[in-house]
Structure formats: C-alpha cells, structure tokens
Amino acid sequence: MAGIMEKFARLYASFDIPWRKYIMMYAMPILLTTIFVTIYLSIAISFFTQFPFIIILYMIPAFGVMLVMFFPLLKGEKRKKEIERYMHLFITRMAVLASTRLPRKEIFRILSEVREYGALSDEVAKIYNLMEYWNLSLPDATRIVAKKCPSVELADFLDRLAHSADAGEDFEVFLEKERTVVMETYAIKYEAALSQMDVYKETFVSMLISMLFFAVFVAILPMFTTGDMTIFLFLTLLGFLTVESIMLYAIKVRLPEDEVWHNRKDVRSPHEMKLLRVLPFTYLAVIILFLITYFLGLPLALVIAISIVPLFYPGYLIHTAESDLINCDTNYDAFIRAVGSYIEAKGSDVTAMERLRKHDFGKLTKYIDTLYKRLLTRIDKKMAWRYFAGETGSNLISKFTDMFVTGLDMGGNPRRISKIISESYVRMIGLRKKRFQSAANLTGILYGLMVGMAFTLYTTLNLMKMMASMIKYYPVNLEKYIHIPLLSAHFPIQTANVVFLLLLVIHALVSSMIIKIVSGSHKHSIYLHFSMLVWIGIMVSYFTNWAVGRVLTF
C-alpha cells in the first residue's frame with residue numbers, strides 16, 4: 001500500500017501544469033459543466049428523476065470529479081511509459097557522447113535537443129537549464145529533477161549519477177556500468193512481456209471457445225423458448241467484439257513498443273515510397289469492386305471477399321520489404337564494427353566506405369554503395385549518413401546510426417563508439433528475434449482460430465436451417481392441446497448469416513491488428529493478414545455449408 005501511495009505521489013509531483021492554473025482553467029470548468037448538465041437533465045427530462053435513470057444522472061458529476069482527480073495521474077503515467085521506453089537508447093547515446101570527453105553540461109545540452117525521446121528529453125532539458133541558468137552543480141540538478149520525475153527507473157539513475165559525481169568517478173566509466181544495468185533491466189522487462197504472451201494466447205483461445213459455445217446455444221434456443229432470438233444474435237456479436245477488443249488492448253498496453261520501421265518523414269525507404277504510390281489505387285479498387293459486386297446482387301460473403309482482394313498487394317509489398325529490412329538489421333552490427341575499425345585506421349569515412357562497399361553485407365550492401373557515392377561528393381556528411389539510415393527503413397539502424405555520426409562529429413574514437421553501439425545493438429536484435437518467434441506462434445494460432453470459428457459458426461447456421469425445416473412436419477393442431485416451443489419457433493436465418501459473417505470479418509481485422517502489434521510491423525501490414533484471414537474464413541464457410549448440407553438433408 002505504501003508503494004502505491006508513493007507511486008501516486010510521484011505521478012502527482014511530476015504534473016507539469018501549475019496546480020492553481022489547473023484548478024482554475026481545467027478542473028473548475030469541468031466540474032461546473034457536469035453539474036449544469038445534471039441539473040438541466042433533471043429538469044428538462046422527467047424520466048431521469050426515476051429509478052434506475054437517476055443513477056445515470058448522478059454518475060455525470062461523479063465522472064467529472066474522477067476526471068479531475070485522475071487526469072494528472074494518467075498524464076504522469078503516460079510520461080513515465082515514454083521515459084522508460086527510450087531509457088536504454090538514451091543511456092547508450094550518453095555513453096557515446098561521454099566517450100568523446102565532452103563536458104557533462106554539453107552532453108546534457110545535446111541530449112535535451114534529441115526530440116525523439118519525448119518526455120525523457122524534457123527531463124534532461126530541466127537538468128541542463130538548472131545547470132546553465134541557475135548555476136547549480138550536476139549532482140544538485142539531477143537530485144531536484146529526480147524528486148519530481150514520474151519514472152522511478154530514471155529517478156534511480158539520476159540519484160546514482162549524483163552520487164557518482166560527488167565521489168569524483170569518471171563519467172565514462174560510470175556510464176559504461178550504467179549501460180549494462182539499464183540494458184539488463186530493459187531485457188528483463190522485454191522477456192517478461194513476451195512470456196506473458198503465452199498466457200494471453202491461452203486466455204484468448206478460451207474466451208473465443210466460450211463465445212462459440214454461446215453462439216451454438218443461441219442457435220438451439222428457440223427449441224426451448226418462444227422469444228425472439230434476434231437480440232441474442234446481436235448479443236453474441238457484441239460479446240465477440242468485446243472479447244477481441246479487450247485482448248487487443250491488453251496486448252498493446254503490455255508489450256514494449258519496438259517498431260521495425262522508422263518514423264522519419266524527411267527520408268523514406270524506396271519500399272515505403274512505392275507503398276505510398278500504390279495505396280490510393282488500392283483503396284479506389286476496393287471501392288469499385290464493392291460497388292460492382294453489390295449491384296450485381298452477389299451474396300454478401302462474395303461481395304466482401306472480392307472487394308478486399310486489392311488489399312493483398314500492398315500487404316505483400318510490406319511483407320517482402322520487411323524481409324529485406326530484417327536482413328539489413330542482421331548485417332548492420334558487422335558493418336558498424338567494420339566502419340569503426342576502418343575509420344580509425346584510415347582516418348576517413350570515404351576510404352572506409354570504398355573498402356566496405358566491396359564486402360557482402362546482404363541487403364545492406366546496396367545502401368552502403370549509395371552512402372559511399374554521397375560521401376564522395378563531400379557536400380554534407382551528416383545528410384549522407386541520414387539518407388543511408390532512412391533508406392534502409394529500419395528503426396534500429398536509424399537510431400544507432402545517428403548516435404554513431406554524432407559521436408564522430410564530436411571527435412570521439414570511431415572504434416570505441418562502434419563498440420558501444422554494437423554491444424547495445426546486438427542485445428536488442430536478440431530480443432527482437434524472440435519477439436518475431438512469439439509473433440509467428442501467435443499468427444499460427446490466430447489462423448487456426450479462424451478455421452475453427454468459420455466451421456463452428458456455419459455448422460451452427462446449418463443446424464438452424466435444419467430445425468427451421470422441421471417445423472413444417474409437425475401438425476399445427478397440436479398447439480391446441482400441448483405447448484411445444486418448436487412449433488412456434490422463429491429462426492432468423494438471414495440475420496444469423498449476416499451476424500456470423502460479421503464475426504469472421506471482425507475476427508480477421510482484430511487478429512491482423514494483434515499480429516501487427518506483436519511483430520512491431522508497419523501500420524499497413526494488417527492488409528495482408530486481414531485479406532488472407534477473410535478469404536480463409538469465407539472458403540471454410542462455403543465448404544462447411546456444402547459438407548454439412550450433404551449430411552443434414554432438409
């Protein structure tokens with residue numbers, strides 16, 4: 001309990017809006033608005049004064065109070081996750097800068113300008129500002145920021161940094177030890193999250209099996225009651241949607257963000273440029289095919305299946321591009337170590353690239369050759385390296401190349417810098433391989449679930465058709481003597497067909513999004529798995545209708 005209260009206190013302390021301003025400009029307007037809405041509804045709409053609607057009425061101001069109370073916590077938690085997401089990269093970049101023997105204040109200034117670290121850069125900027133404008137020492141500045149930092153991990157690091165500075169320990173030696181500690185902490189969290197994926201997979205399968213059992217129960221429900229089962233079909237749809245949404249959110253929140261593709265806007269890879277040219281035509285083709293098949297009067301399942309065919313091509317482009325990208329990631333470690341050694345020996349990155357372009361670095365070789373040609377022009381070395389990192393499309397290559405170029409620009413030892421980068425890079429690649437393996441296992445399970453769902457749902461649909469056809473064989477006059485629910489049962493076959501098709505499409509969409517999140521793939525990579533899953537579901541449904549229809553003769 002004490003730990004939870006301490007966490008809440010730290011999150012509240014990290015709130016960057018002055019409390020007086022927050023109360024006057026945010027809290028009071030929200031509370032007054034909710035109170036006004038409550039009073040207005042109670043006067044204008046009479047049924048809100050009756051039970052149970054009066055409970056909803058009182059929940060409005062309660063929601064306003066909770067929003068005012070928990071908004072600082074939510075914002076602090078968001079900043080905490082953003083800080084801890086980049087801690088390992090931050091420490092590695094700091095270690096690279098420390099190897100150049102720059103003053104510590106200058107190192108913090110450079111790090112505060114790296115905007116890709118988000119909230120972490122803001123915390124570093126606070127330290128720099130305290131040192132630069134308030135003339136505080138590094139230990140005092142780091143202790144002040146650590147007290148109001150939302151992340152315990154960063155706060156502990158800053159406290160250790162203050163103790164090290166007070167003791168006079170060499171900054172480079174300190175960061176060398178810290179880099180090992182932070183990378184180990186990051187790896188433990190990463191592997192723990194991947195281990196929990198097994199629990200998520202088993203939970204997901206169990207919950208979907210339960211929902212499929214409910215769908216079968218809904219199919220035979222008219223045999224036992226005379227009520228309308230349409231509402232139960234829509235409850236089944238809502239249940240599936242809720243289960244899959246919860247699982248999607250849980251996986252997204254729990255897994256660490258480790259995107260394969262970089263998010264640079266100034267430099268894009270050739271694969272992504274091709275994708276951006278293809279997407280508008282893909283969307284147009286989907287709309288045209290939908291309109292054509294719809295007005296031709298084809299069954300809804302065929303309309304959906306034919307309409308999404310164009311989505312397969314951009315999904316396939318991303319799949320092949322990611323294969324090349326992963327190959328580049330695999331060969332980058334050998335490349336960066338060789339670059340460091342050659343530059344130290346020859347004193348020129350142009351000479352190093354001239355030698356390295358003749359070696360085989362897999363898919364990375366063509367980008368190395370282009371880098372050599374750009375460096376040979378001697379126009380802008382930084383932009384040449386930036387284009388090299390951007391054209392590979394790799395997030396890791398982009399980040400670590402920036403560290404390498406910054407270290408060289410500050411006069412650091414190339415071999416030393418490449419060694420620091422290589423050690424962190426190899427550890428992250430190892431973790432990413434485990435993630436890819438987990439994503440592959442999950443992909444197989446989700447495809448298997450689609451087959452099982454389609455078979456179960458359309459077997460249920462054929463069972464409903466069989467029971468609906470049985471009604472006409474019972475003499476209607478029996479209703480005068482004995483109540484038989486089956487005689488008055490109503491089986492909404494068309495509604496069930498539409499609902500079951502929607503279940504397959506929703507499962508395909510959610511499954512493709514889960515695969516994207518777990519693998520860290522491109523945001524448009526969902527098209528490949530979505531189109532394939534929908535086609536598998538529809539083909540299995542048609543096969544089930546044919547096979548079960550042969551067994552159950554109506």
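The values are calculated or read from the model by the stated rules, or taken from the named source; none is laboratory data. Small disclaimer: the values here were computed from a predicted structure and weren't measured. Cβ coordinates were reconstructed from backbone atoms using ideal geometry, including for glycine residues, and neighbour counts include every protein chain displayed.
I want to confirm something. Restricting to the stretch 166-177 and keeping residues that are surrounded by fewer than 18 Cβ atoms within 10 Å (Cβ to Cβ) and touching a residue at least 40 places away in the same chain (Cβ under 8 Å), which single residue is farthest from V243 (Cα to Cα)? Break it down stepwise before answering.
Filtering the stretch 166-177 down to residues surrounded by fewer than 18 Cβ atoms within 10 Å (Cβ to Cβ) leaves 166-170, 172-173, 176-177.
Okay, now just the ones that are also touching a residue at least 40 places away in the same chain (Cβ under 8 Å), so 172, 176.
Details: E172: 50, E176: 45 Å.
If we take residues in the stretch 166-177 being surrounded by fewer than 18 Cβ atoms within 10 Å (Cβ to Cβ) and touching a residue at least 40 places away in the same chain (Cβ under 8 Å), then E172 is farthest from V243 (Cα to Cα).
D266 versus (1) surrounded by fewer than 19 Cβ atoms within 10 Å (Cβ to Cβ); (2) assigned by the TED database to the domain that holds F436: which is the lone unmet condition?
That leaves (2) as the condition not met.
Determine if the stretch 219-233 includes at least one residue that is small (G, A, S) and at pLDDT 85 or above.
So far as the stretch 219-233 goes, no, none of its residues is small (G, A, S) and at pLDDT 85 or above.
Tell me, which residue of the stretch 111-159 that is among the β-branched types (V, I, T) and surrounded by 17 or more Cβ atoms within 10 Å (Cβ to Cβ) is farthest from R416 (Cα to Cα)? Show your work before the answer.
Restricting attention to the stretch 111-159, the residues satisfying the condition of being among the β-branched types (V, I, T) are 114, 124, 127, 142, 144-145, 152.
Subset that is surrounded by 17 or more Cβ atoms within 10 Å (Cβ to Cβ): 114, 124, 127, 142, 144-145.
On the way: V114: 22, V124: 24, I127: 27, T142: 27, I144: 32, V145: 31 Å.
Here the residue is I144.
Looking only at helices (runs of 4 or more DSSP H) that lie completely in the stretch 348-467, which have at least 1 residues being of a type in the set (D, E, K, R) and over 30 Å from E184 (Cα atoms)?
On the way: elements: 349-356, 365-377, 381-392, 395-409.
The helices (runs of 4 or more DSSP H) meeting that bar are 349-356, 365-377, 381-392.
Would you check which residues across the stretch 377-391 are of a type in the set (A, V, I, L, M) and in contact with a helix residue (DSSP H, G or I) (Cβ under 6 Å, 6 or more places away or on another chain) and list them? Walk me through it before giving the result.
From the stretch 377-391, those of a type in the set (A, V, I, L, M) are 379, 383-384, 389; that's our starting set.
Matches in the stretch 377-391: A384, A389.
Which residues, counting only those in the stretch 293-314, are outside any helix (DSSP H, G or I) and either without any contact (Cβ under 8 Å) to a residue 40 or more places away in the chain or not hydrophobic (A, V, I, L, M, F, W, C) (or both)?
Of the stretch 293-314, the ones outside any helix (DSSP H, G or I) are 296-299, 308.
Passing the criteria: L296, G297, L298, P299.
Mind checking which residues of the stretch 412-461 are among the charged types (D, E, K, R) and more than 22 Å from the chain's Cα centre (by Cα)? Explain how you work it out, then say what you get.
Of the residues in the stretch 412-461, the ones among the charged types (D, E, K, R) are 415-416, 419, 423, 427, 432-435.
Passing the criteria: R415, R416, K419, E423.
Could you tell me whether the stretch 308-327 includes any residue that is within 19 Å of G390 (Cα to Cα) and exposed (fewer than 13 other Cβ atoms within 10 Å of the Cβ)? Steps first, answer last, please.
Initial filter on the stretch 308-327 (within 19 Å of G390 (Cα to Cα)): 317-327.
Adding the requirement that they be exposed (fewer than 13 other Cβ atoms within 10 Å of the Cβ) leaves 320, 323.
For the stretch 308-327, residues within 19 Å of G390 (Cα to Cα) and exposed (fewer than 13 other Cβ atoms within 10 Å of the Cβ): present.
Within the stretch 339-394, can you find the residues that are small (G, A, S), buried (at least 17 other Cβ atoms within 10 Å of the Cβ) and over 19 Å from R264 (Cβ atoms)?
Of all residues in the stretch 339-394, those small (G, A, S) come to 340-341, 345, 347-348, 352, 362, 384, 389-390, 393-394.
Going one step further and asking which of them are buried (at least 17 other Cβ atoms within 10 Å of the Cβ), we end up with 340, 352, 384, 389-390, 393-394.
Scanning the stretch 339-394 gives G340, A352.
Among all residue pairs at least 6 apart or on different chains, which show Cβ distances below 7 Å where the first residue, located in the stretch 354-373, is under 18 Å from S341 (Cα atoms) and assigned by the TED database to the domain that holds Y342 and the second is at pLDDT 90 or above and in a loop (DSSP other than H, G, I, E, B)?
Hits for this filter: I368/F361.
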